[in-house]
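Read the structure below first, then the notes.
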Amino acid sequence: MEGKEQTDDEVLKGMLSRRFHYAKAHRSSTYHHTFRTKTRWELVRLSLLIVGIECTYATETAFVAPILLAIGLPHTVMTMMWAMPPIVGVLFVPVVASVSDQLRFAWGRRRPVLLILGIAMLLGMMLLPHGRLIGEMIGLRSVAWIATITTIGLTTTDFSAEASNGLCRTYAMEVCTIQDQARVLSTMMLIGGMGGMLGYLFGAIDWSALPIGQYFESNEAAVFTANWIVLLIGLVSTLTSFAEIPLPVQEEDELLRPVTHWMLQNEVKRMRGDEYAAQTNLTESIGFRQFVRNTLQMPRSMKILCLTQFLSHMGYLPYCLYFTDFVGAEVFHGDVQALEHSPAFVRYEEGLRFACWGMALFAGCASLYSLVIEKLIDRVGARPVYVCGLMAHCVGMLAMGFLRNRAMVMLCCSLTGIMYATIYSIPFLLISHYHSKNSFHMKDGKCVESDEPRGFGADVSMMSSVLCLAQLIVSLVMGVLIDAAGTTVVITFVAGGCAFLAALSAMAVLYMGL
């Protein structure tokens, strides 16, 4: 049999070539790109929304805590303001992902949702730095009302960013061939790190000292405006990059369904005479009832992966959300609630800008590490790369807690960059790996094929839900711990301890040879 002599790569090449020419000849030419390899520039354009999202994360994490503290809120209340976005996220991010799995719009399944979320992010970014100004304009000048307006902006922005993060990766992997999926994820990690670095660099600039600074209410307003422009460019670029094949079209025409690992394996079996394997699945979309069932009855492999990601974010978020306040208060010995222009306030502002430089280094290191993480996985395997990446953050946080000086801050930021690149690449690669084999557990060293349908987009977005849950817990607990300890140093020990637990959990993750 000729099929027996063909390798999997040859079979895949034939499947893609047949669909590419069919799409170009018989249907709209906007679909044929799904079946060809993308250039590096095309992958960059596809990923630019991630640049805007990461820039938004950077601006949020650097300035929201100081903005809320400057209003006059204590740490306990300030950290609880961070609890609103994850509450909304835990409840609705999986729902958004499930809805996108089933959309039947001509524009596709992912892009309409990404457009709505992108507009919400842009609106939230307008509210965040202008809570006091908006409150004064509508006659609501009390601390409670200003904090409420700011929290609405924070919730809208953070929820939209979290939901978009997973969906953007899902969209990118669906419009790329299975050979390009690892490439697009690493590209997103690379330029996403650059987006984060850009956001932190915006924060490191003293805008009031520049001529353009006179046009803004505050330094924070200038930073958020620059971020807004980056986010808008990224949103437009990604949404206009590649057309999705609509769900009804995929259902009507077998040759216009994106080639998945599952379809490739079925084709190989069919060519080898397995008639049962000739039956192919229509789509990976699942109904909402099935989605809820999948969430409540996750395979053990998905449970462990979600637990690892949860603990990873529990280790990362204290650093992410409160690092700038830690540096301003503990390393520079400043006070955000001191009188403006007083020595303590000036030291805090200097610490804030220094922390932004440190977080820019963190984002840059994440970007650089993403360039080599694939090669490391190929050489030593995913398990040691995953575990060591988490341990890097653990060591860095504990060292920064004990040695609170500027040099140690910079060194520890670089180690956290390694961890960040790890948790935003390996878990997504593992989910793609599970779906590619249509298997979520192994028996006697062999993959066992799953007979329970699972939505790929929903599984990817579960990682965002896990982040929301971790952020909720951190938001409710960290402020109490900081006030009880009387110092923000406690965040470094909590972050280091959770990262250590995540590394232990990563040892039990199912890798299936990755």
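The values are calculated or read from the model by the stated rules, or taken from the named source; none is laboratory data. On a predicted model such as this, the values are computed, not experimentally measured, just so you know. In this analysis, Cβ positions are derived from the backbone assuming ideal geometry, glycine residues included, and neighbour counts consider all displayed protein chains. The accessibility values were calculated without ligands, DNA or RNA, using every heavy atom of the protein model including side chains. Shrake-Rupley method; radii C 1.70, N 1.55, O 1.52, S 1.80 Å.
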_Pairs please, first residue from region 296-313 and within 17 Å of V90 (Cβ to Cβ), second anywhere and open to solvent by 10 Å² or more (accessible area, probe 1.4 Å) and not hydrophobic (A, V, I, L, M, F, W, C), Cβ atoms under 8 Å, 6+ apart in sequence or on different chains._
L307/S505; L311/S505
*Report the residue count in region 476-494 for those that are out of contact with any Leu (no Cβ under 8 Å at 6 or more places or on another chain), open to solvent by less than 10 Å² (accessible area, probe 1.4 Å) and of a type outside the set (V, I, T).*
1
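Given the condition more than 30 Å from E350 (Cβ to Cβ) and either touching a residue at least 40 places away in the same chain (Cβ under 8 Å) or of a type in the set (D, E, K, R) (or both), answer yes or no: does some residue in region 134-149 qualify?
Scanning region 134-149 turns up no residue that is more than 30 Å from E350 (Cβ to Cβ) and either touching a residue at least 40 places away in the same chain (Cβ under 8 Å) or of a type in the set (D, E, K, R) (or both).
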*Taking region 212-244 only, how many residues are of a type in the set (D, E) and surrounded by fewer than 21 Cβ atoms within 10 Å (Cβ to Cβ)?*
1
*asked:* When you scan region 190-198, do you find a residue that is assigned to a helix (DSSP H, G or I), open to solvent by 30 Å² or more (accessible area, probe 1.4 Å), out of contact with any Lys or Arg (no Cβ under 7 Å at 6 or more places or on another chain) and free of Cβ contacts under 8 Å to residues at least 60 places away in the same chain, even just one?
replied: no
*Quickly run through region 174-187 and pick out the residues that are at pLDDT 85 or above and open to solvent by less than 20 Å² (accessible area, probe 1.4 Å).*
V175, C176, T177, D180, V184, T187
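Yes or no, residue by residue, for (1) of a type in the set (F, W, Y); (2) over 14 Å from the mean Cα position of the chain (by Cα):
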residue: T422; (1), (2): no, no
residue: F428; (1), (2): yes, no
residue: S432; (1), (2): no, yes
residue: F440; (1), (2): yes, yes
residue: D444; (1), (2): no, yes
residue: L481; (1), (2): no, yes
residue: V489; (1), (2): no, yes
*Within the group V175, V143, which residue is of a type outside the set (D, E, K, R) and more than 30 Å from R19 (Cα to Cα)?*
V143
*Look through R404, R379 and report the one residue that is of a type in the set (K, R) and either within 28 Å of S465 (Cα to Cα) or touching an Asp or Glu at 6+ places or on another chain (Cβ under 7 Å) (or both).*
R404
*Scan region 400-427 and report the pairs whose first residue is open to solvent by 30 Å² or more (accessible area, probe 1.4 Å) and whose second residue is part of a helix (DSSP H, G or I) and of a type in the set (V, I, T), with Cβ atoms within less than 6 Å and a gap of 6+ or a chain change.*
R404/V331
_S208 - would you say it is within 26 Å of R40 (Cβ to Cβ), among the hydroxyl-bearing types (S, T, Y), open to solvent by 10 Å² or more (accessible area, probe 1.4 Å) and in a helix (DSSP H, G or I)?_
no
*Name the one entry in S465, S475 that is in contact with a helix residue (DSSP H, G or I) (Cβ under 9 Å, 6 or more places away or on another chain), over 30 Å from Q102 (Cβ atoms), of a type in the set (S, T, N, Q) and outside any loop (DSSP other than H, G, I, E, B).*
S475
*Wholly within region 1-92, which helices (runs of 4 or more DSSP H) include no fewer than the required count, namely at least 2 residues that are loosely packed, with under 15 Cβ neighbours inside 10 Å?*
2-5, 8-26, 40-71
_Among the residues of region 81-103, are any over 14 Å from C168 (Cα atoms), of a type outside the set (V, I, T) and touching a Pro at 6+ places or on another chain (Cβ under 9 Å)?_
yes
*asked:* Would you confirm whether or not region 307-324 contains a residue that is in contact with a helix residue (DSSP H, G or I) (Cβ under 7 Å, 6 or more places away or on another chain), in a helix (DSSP H, G or I), polar (S, T, N, Q) and open to solvent by 10 Å² or more (accessible area, probe 1.4 Å)?
replied: no
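Could you list, in sequence order, all residues of region 158-186 that are acidic (D, E) and in a helix (DSSP H, G or I)? Spell out the reasoning first.
Step one: of region 158-186, the residues acidic (D, E) are 158, 162, 174, 180.
Passing the criteria: D158, E162, E174.
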*Filtered residues of region 332-384 (kept if more than 30 Å from V184 (Cβ to Cβ), of a type in the set (D, E) and either assigned to a helix (DSSP H, G or I) or touching a residue at least 12 places away in the same chain (Cβ under 8 Å) (or both))*: D335, E349, E350
*What residue, of L128, L133, L123, is surrounded by 23 or more Cβ atoms within 10 Å (Cβ to Cβ), of a type in the set (A, V, I, L, M, F, W, C) and part of a helix (DSSP H, G or I)?*
L128
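Conditions (1) open to solvent by 30 Å² or more (accessible area, probe 1.4 Å); (2) among the hydroxyl-bearing types (S, T, Y); (3) at pLDDT below 70, marked per residue:
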residue: L264; (1), (2), (3): no, no, no
residue: D274; (1), (2), (3): yes, no, yes
residue: E284; (1), (2), (3): yes, no, yes
residue: F288; (1), (2), (3): yes, no, yes
residue: V292; (1), (2), (3): yes, no, yes
residue: M298; (1), (2), (3): yes, no, no
residue: I304; (1), (2), (3): no, no, no
*Does at least one position in region 36-52 carry a residue that is in contact (Cβ under 8 Å) with a residue 40 or more places away in the chain, of a type outside the set (K, R) and farther than 27 Å from L122 by Cα?*
yes
*Are there any pairs, at least 6 apart or on different chains, whose C-beta atoms fall under 9 Å, with the first in region 219-247 and closer than 14 Å to L115 by Cα and touching a residue at least 60 places away in the same chain (Cβ under 8 Å) and the second of a type in the set (G, A, S) and open to solvent by 10 Å² or more (accessible area, probe 1.4 Å), and if so, which?*
A243/S28
*Of all residues in region 224-248, how many are under 26 Å from L49 (Cα atoms), modelled with pLDDT under 90 and in a helix (DSSP H, G or I)?*
1
